[in-house]
């Protein structure tokens, strides 16, 4: 028995030992294929000491093969009242494995984290400067958890990264234990229960080739291997809870906000007066939401229990600001004042939906919104936006799962999925064309849904140079020599009007002929990525309808020679319809186009057809209207 134990100890030391050298010549060719980084050696040890105490010890050595992965040369860790960063060791190696530089925690930059008024954390930061590639970096550090809500996931692999060796160990008291979920792989752990009080889970992975990221496939965590870890019991700032069900997570939240989501009676009376003339509950909700949008501002605030406990409703009412959780909590309190139930909801806000496993309670959330379940109608509200339409969620929070925080605990619900009709971009343009190709254009833009925020953020109160960048680089207008934008700041639904002076309207001229594009901007401006061999789904931001009407007023003495043929193209997820008409009496050419996309998620098997469709949309813009001097 003694010899068996000795063998196991020796074998374990070999198994977990790091390589003697980080010479890139030692990397197998199979691990260089499709890779921009190679994880040479990684050892992560997560040790839970108690319900509110844990250590995360990390040693990671990564070879960066080229500048496309320069982000891997950045060391960045966030700390707050619940996470402290212990001594840090950074080493830099050249291609042969020779040490070029060594750094400690004192060599790092640090600053307050977040953009809030009173952030309570720090970010530690250092960027390794690479004079040449390949270069290898080693980051060794320890994070101490002073209170626990979320266990760290084991991120096995990221896009275009191969794995030479990676080891993850989680040690947890048996009376607490943990939950785990294998995502996008079948690397089962070795579980050791020989210790009477501690249970150990170990993953040991090696020789994993790189996997390319396919552009537009969304959050890489949905398709790359990782292990989700979850606590059963936790405690944060003296608030104990259980995470073995979504219901219990919601009950824990209720202990945080107890008495903080009720307005002082004098403030409640203000809200009652505000809604006194409303004839139904929906109108009351809309009046309060409009009041919130016009009088309160969003600020990012990391104070509170792990950034989770909101300011009280009274605080927000007095100070007229709050973060997502504080503004949602305040809106809920205002609804309570007029006897309408509203519920805060945790959600993962991002450009692409994050997949939440309904059978694995966890904390992937980073945002809070509000849900108002009226009879026969459920209203979702983004309380941080001053421009969002009432009851309309944007691409940041629509079409994904949210945890509704009710008085009876947490309940997973899907937020609404917008339809194409909800996100409209409508343009009407009249162009007065001169014989030499110069012209003036009057443009009217009307937007709904997702496009309202674009207009507000990039047009309203922006410098003229920034407005021009938006018009040319984002919408795709031809370069104006001068322009003037007018809008009604108080009414987001009012059209934006643009007057443009353009030195050269035609694409080109030849002899007495001018060659015009169907319109002076590109209704769609980029080609989708290659389709060959695609295995991952493709995501658009939202479904949409884009409609354009363009009128060309011809110069004196000019007439039409050629119009493009109209197009009517349909595919499984959308359509394109264009028309061209010449009014000989008015000497005007009228072009119309409607581009519609009905789904935001395109299955990989359908991507080729989608790419071909949008290629035809791009080709439509290259069609030429030809006019000639009589």
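For the reader, a short list of remarks on this structure follows.
- Highest to lowest packing among 46-52, 328-334, 569-575, 95-101, scored as the average C-beta count within 10 Å: 328-334, 46-52, 569-575, 95-101
- Cα-based helix-to-principal-axis angle, 281-295 vs the chain, degrees rounded to 10: 90 degrees
- Segments 29-36, 590-597 sorted - mean Cβ within 10 Å per residue, highest first: 590-597, 29-36
- Rough spin-label spacing in nm, given labels placed 7 Å along Cα→Cβ, for residue 350 and residue 315: 2.9 nm
- Across all Cα atoms of region 134-179, the radius of gyration (one decimal) and Dmax (whole number) stand at 14.6, 46 Å.
- Translational diffusion of region 116-273, µm² s⁻¹ [Kirkwood Rh, Cα pairs; Stokes-Einstein; 10 °C; 1.306 mPa s]: 79 µm²/s
- As a length-normalised measure over Cα pairs under 8 Å and 6 or more apart, the relative contact order of region 333-474 settles at 18 percent.
- The protection proxy used here, the mean number of other Cβ atoms lying within 10 Å of each residue, ranks peptides 150-157, 614-621 as follows, highest first: 150-157, 614-621.
- Computed from Cα atoms, the angle from the helix 265-274 axis to the main principal axis of the chain rounds to 20 degrees.
- Cα-based convex hull, region 246-417, per residue volume (Å³, whole number): 111 Å³
- FRET efficiency, 1/(1 + (r/R0)^6) with R0 35 Å, evaluated for residue 66 and residue 464 via beta carbons: 0.35
- D_trans [Stokes-Einstein, Kirkwood Rh over alpha-carbon pairs] for region 22-236, 37 °C, 0.692 mPa s, µm² s⁻¹: 177 µm²/s
- For a paramagnetic label modelled on residue 192 (point 7 Å from Cα along Cα→Cβ), amide N atoms under 19 Å away belong, within region 45-82, to 45-50, 55-59.
- Mean Cα-pair separation over length for the chain, i.e. relative contact order, pairs under 8 Å, 6 or more apart, %: 10 percent
- Calculated P(r) tail over 25 Å for region 421-629, as whole % of Cα pairs: 43 percent
- Å³ per residue enclosed by the Cα convex hull of the chain: 198 Å³
- Approximate shape of region 352-446 as ellipsoid semi-axes (Cα gyration tensor, √5λ), whole Å, largest first: 42, 15, 11
- Three-way shape label, region 209-272, alpha-carbon gyration tensor, a/c 1.5: oblate
- Taking label positions 7 Å along the Cα-Cβ direction at both residue 604 and residue 530, the computed distance is 1.6 nm, reported to one decimal.
- Using alpha-carbon coordinates, inclination of helix 246-257 to the longest axis of the chain, degrees: 90 degrees
Bear in mind these aren't lab numbers, they're just calculated from the coordinates by the rules spelled out. All values reported here derive from a predicted model rather than from experimental measurement. Positions of Cβ are backbone-derived with ideal geometry, glycine not excepted, and every protein chain shown enters the neighbour counts.
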